[in-house]
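Reviewing the structure listed below.
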Amino acid sequence: MLSILMPVYNEIERVERAIAEVLDTPLPTEFELIVVDDGSTDGTREILREIDGKDGVRVFLQPVNQGKGAAVSVGFRHALGDVVVVQDADLEYDPNEYAKLMAPIVDGHADVVYGSRFLGGGTRRVLYFWHTVGNRMLTLASNMFTNLNLTDMETCYKMFRREVVQSMTIESRRFGIEPEITAKVARRGYRIYEVPISYYGRTYDEGKKIGLKDAFSALWTIVKHSVREAEDPKNVGHVTLARMGKLESYNRWLADRFRAALGPRVLEIGAGIGNMTRQLVGRELVVASDLDPVALEYLRGAFRDEPGVRVASYRFPLDAPEREEIRGLRVDTLVCLNVLEHIEDDVATLADFQALLPAGGTLILIVPALAKLYGTLDEHLRHFRRYEKAELEEKVRAAGFTIEDCRFLNKPGILGWYVNGKILRRRVLPSGQLAAFRLLQPLLKREETNPPSSGMSLLAIARKPR
């Protein structure tokens, strides 16, 4: 099904015609029309109240005018279709071209499709020269920062798989939504296609609203999103994952500590954005599971071309259908790295792991170690605890596992975590210190043959008895 989102603001002369044209558009699939009024004051709201609920039209009324970005965000949240497209109510874009936009997504080639006014092949009204120059300059600036080669970043006609937009938080209230979305879909590594479309632009006398102020706002949006480490810089978990993703050599070293214990069919619980999943690729099957919708989209983008990798979302404790689904995958190894500390009832979760694995199956755990290190870094990462070695061993055995190995890892990291979390009381490890950690990595070589008596993390390798 296709969800068509129509943001509306003071369009009393056009809104009924726009809705009628959308509803009359022949499409090879079912569709819904979601109209979001952004605080109109010209009588548009009264018209929409009469239309709400008729012919499958759903209307949402913003209490005050907040801008196009805010209105589109409301539509994204309420969309039910498999595919979502934005349709302005000014009829500058032709609804008859939905099928053209949908084709790359339906054929399985694209996650996002842009309708370009500048590719050629469509009817285009001749209007303002400097608007065209401005659009091309903004597209060029966006391409420079995103490394895309779009011809029309500012186009209204953007079509998405629903998961793309419903996992995305839109910050821009006005027309900055276009470069913001472009920056985010580029960051996630989506397959983006362009198709030529027609453009029936209107003049300012006819109600055009975008202006020079919006161009400067769009430019600022482009720059702002280009310098971010994560989509949401306030999300400590996402920032930490982004920074750890740059420490590929450390992630490889960590995976080497348990690689020999991996079976051919692995379920990774809490895969995040795939930092460790990359180290598991190449096995018969790797199921990368996470609960975060943003992480799931990153995983889909990163591993869509890996036939042995499947992206899923399993919440523990599992319900019966999920348990049967995993058993049907014949998973023989559970990998749970830096996840158990986020779960309040870790005892029940370990028991669930044990019930899920076949006899002889392997559980690989990495958890933060040493309760005395618990500080603000743990609090902002939403850790319930850090583990002592004896505590972890006791809980794993109580769940019915036999422990084959349990050791500390990363002794050099203790000082940095203590200083930042206990003394400086920071929310997240500074990126500069994570970069400096590369200089300390040679010290980890000693741990390969001589496990330390303490460390930042604990690694446990356990097996379900045959």
Which residues, taken from the range 416-465, are more than 19 Å from L254 (Cβ to Cβ), assigned to a helix (DSSP H, G or I) and aliphatic (A, V, I, L, M)? V419, I423
Out of V83, V133, report the one residue that is without any contact (Cβ under 8 Å) to a residue 24 or more places away in the chain, among the aliphatic types (A, V, I, L, M) and more than 20 Å from R14 (Cβ to Cβ). V133
I'd like to know if the range 126-142 contains one or more residues that are more than 27 Å from the chain's Cα centre (by Cα) and at positive phi. no
Here are the criteria: (1) more than 13 Å from A462 (Cβ to Cβ); (2) buried (at least 18 other Cβ atoms within 10 Å of the Cβ); (3) basic (K, R). Tell me which single one K395 does not satisfy. (1)
Taking the range 179-192 only, how many residues are open to solvent by 10 Å² or more (accessible area, probe 1.4 Å) and more than 12 Å from the chain's Cα centre (by Cα)? 3
Looking only at the range 279-291, filter to residues that are in contact (Cβ under 8 Å) with a residue 24 or more places away in the chain and within 17 Å of the chain's Cα centre (by Cα); which one of those is surrounded by the fewest Cβ atoms within 10 Å (Cβ to Cβ)? L291
Residues Y98, Y93: which one is surrounded by 21 or more Cβ atoms within 10 Å (Cβ to Cβ) and either part of a helix (DSSP H, G or I) or among the acidic types (D, E) (or both)? Y98
Quick count over the range 293-319, residues being farther than 18 Å from L365 by Cβ, in a loop (DSSP other than H, G, I, E, B) and at pLDDT below 95, is 6
Hey, could you check the range 160-194 for residues that are of a type in the set (S, T, Y) and outside any helix (DSSP H, G or I) and say which is nearest to D292 (Cα to Cα)? S167
Looking at the range 218-239, which of its residues are of a type in the set (A, V, I, L, M, F, W, C), over 15 Å from the mean Cα position of the chain (by Cα) and crowded, with 19+ Cβ neighbours inside 10 Å? A218, I222
Checking S453 against (1) closer than 21 Å to G270 by Cβ; (2) open to solvent by 80 Å² or more (accessible area, probe 1.4 Å); (3) polar (S, T, N, Q), only one condition comes out false. Which one? (1)
Scan of the range 102-123 for residues that are out of contact with any Gly (no Cβ under 8 Å at 6 or more places or on another chain) and not hydrophobic (A, V, I, L, M, F, W, C), ordered by number: P104, D107, G108, H109, Y114, G115, S116, R117, G120, G121, G122, T123
In the set A260, A255, A242, which member is open to solvent by 10 Å² or more (accessible area, probe 1.4 Å), at pLDDT 95 or above and either of a type in the set (K, R) or outside any loop (DSSP other than H, G, I, E, B) (or both)? A260
Selection within the range 382-415 - more than 14 Å from P368 (Cβ to Cβ) and not in a strand (DSSP E or B): A390, E393, E394, K395, V396, R397, A398, A399, G400, F401, P412, L415
Confirm whether R382 is among the basic types (K, R), surrounded by 17 or more Cβ atoms within 10 Å (Cβ to Cβ), closer than 17 Å to T240 by Cβ and out of contact with any Ser or Thr (no Cβ under 9 Å at 6 or more places or on another chain). no
State which residue pairs qualify: first residue touching a residue at least 60 places away in the same chain (Cβ under 8 Å) and closer than 21 Å to K224 by Cα and inside the range 150-177, second residue assigned to a loop (DSSP other than H, G, I, E, B) and polar (S, T, N, Q) in any location, beta carbons under 7 Å apart, and separation of 6 or more residues or different chains. R173/Q66
Do you know which residues across the range 6-53 are open to solvent by 10 Å² or more (accessible area, probe 1.4 Å), acidic (D, E) and assigned to a loop (DSSP other than H, G, I, E, B)? E11, E13, D24, E30, D42, D52
If we scan the range 61-79, do we find a residue that is part of a loop (DSSP other than H, G, I, E, B) and modelled with pLDDT of 95 or more? yes
Taking the range 144-159 as the region of interest, how many residues are surrounded by fewer than 19 Cβ atoms within 10 Å (Cβ to Cβ), in a loop (DSSP other than H, G, I, E, B) and out of contact with any strand residue (DSSP E or B) (no Cβ under 8 Å at 6 or more places or on another chain)? 2
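The values are calculated or read from the model by the stated rules, or taken from the named source; none is laboratory data. Small disclaimer: the values here were computed from a predicted structure and weren't measured. Counting neighbours? That spans all protein chains shown, and the Cβs are built from the backbone with ideal geometry, glycine included. Side chains included, ligands, DNA and RNA excluded: accessible areas come from the protein's heavy atoms. Shrake-Rupley method; radii C 1.70, N 1.55, O 1.52, S 1.80 Å.
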